[in-house]
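Here is the structure we will look at, set down as structure tokens.
The values are calculated or read from the model by the stated rules, or taken from the named source; none is laboratory data. Since this is a predicted model, take the numbers as computed values, not measurements. As a convention, Cβ positions derive from the backbone with ideal geometry for all residues, glycine included, and neighbour counts pool all protein chains shown.
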Amino acid sequence: MAEAIFAGYFTALSLILAIGAQNAFVLRQGLRREHIGSVVAICALSDALLIGAGVAGFGALSRAVPWLGSLMLWGGVAFLVVYGAQRLRAAMRGGEALLPSGGKSAPRRQVVLSCLMLTWANPHVYLDTLVLIGSVSAQYPGQAWAFGTAAALGSLSFFTALGYGARLLAPLFARPVAWVWLEAGTGLLMWGIAAGLAFS
């Protein structure tokens, strides 16, 4: 049991640590100090649901519905292209409105919808949770749910640390130019992920 728990926790961490669309969004909201609790909860609960589905055997569904993977892939590509364009547009505006202490705070509904889209329209999330974690859990017969629960806790701890720990970078992002670079980097990252998905 202990081996399954250890493996589940660190398998989830190793997959989530890579910088991606979802992580960049959580970091950005943490720096802005906007609705961090909602963002962390959405990311962690979504991962928990998907990990649970992976442990329960999502592979059977994907084999029964062959076009499901393609639908998820191209929907995710389209969203990443649009979101990347929005971030690059924000960078070109100069970054001052993005300072946590200035400008108007984004409505919670807008942040929640963006977070849901970045989570559920991102094919990488399904690959990591449903496919990879689901398949690894099969290596622990009789302990798959312990593995899955530990993986969900790994996701929760990571997003909590990222969202609430981002404020430690606040001195760096006290300058508008830092926000310009963050937004430009996020936008290019989104486009890079979209291109990788489209041409892989």
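Regarding the range 20-27, can at least one residue be identified that is of a type outside the set (Gly, Ala, Ser) and more than 12 Å from the chain's Cα centre (by Cα)?
There is no residue in the range 20-27 that is of a type outside the set (Gly, Ala, Ser) and more than 12 Å from the chain's Cα centre (by Cα).
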Requested in this report: Go through GLY8, GLY59, GLY37, GLY30 for me and flag whichever is at pLDDT below 90 and more than 15 Å from LEU153 (Cα to Cα).
Outcome: GLY59
Requested in this report: Go through the residues of the range 97-114 one by one and say whether even a single one is under 19 Å from ARG33 (Cα atoms), assigned to a helix (DSSP H, G or I) and at pLDDT below 85.
Outcome: yes
Query raised in the report: Restricting the first residue to the range 147-165 and requiring it to be under 19 Å from ILE133 (Cβ atoms), which pairs with a second residue that is of a type in the set (Phe, Trp, Tyr) and not in a helix (DSSP H, G or I) meet a Cβ separation below 6 Å and a spacing of at least six or different chains?
Result: PHE147/TYR140
Query raised in the report: Checking ALA91 against (1) hydrophobic (A, V, I, L, M, F, W, C); (2) at pLDDT below 75; (3) surrounded by fewer than 22 Cβ atoms within 10 Å (Cβ to Cβ), which test does it fail?
Result: (2)
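Quick check on my filter: what residues within the range 143-192 are among the small types (Gly, Ala, Ser), in a helix (DSSP H, G or I) and surrounded by fewer than 17 Cβ atoms within 10 Å (Cβ to Cβ)?
Here is the first cut: in the range 143-192, the residues among the small types (Gly, Ala, Ser) are 144, 146, 148, 150-152, 154-155, 157, 161, 163, 165-166, 170, 174, 178, 184-185, 187, 192.
Filter once more, keeping what is in a helix (DSSP H, G or I): 144, 146, 148, 150-152, 154-155, 157, 161, 163, 165-166, 174, 178, 184-185, 187, 192.
Selection gives SER157, ALA161, GLY165, ALA174, ALA184, GLY185, GLY192.
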Query raised in the report: Taking LEU71, is it among the hydrophobic types (A, V, I, L, M, F, W, C) and at pLDDT 80 or above?
Result: no
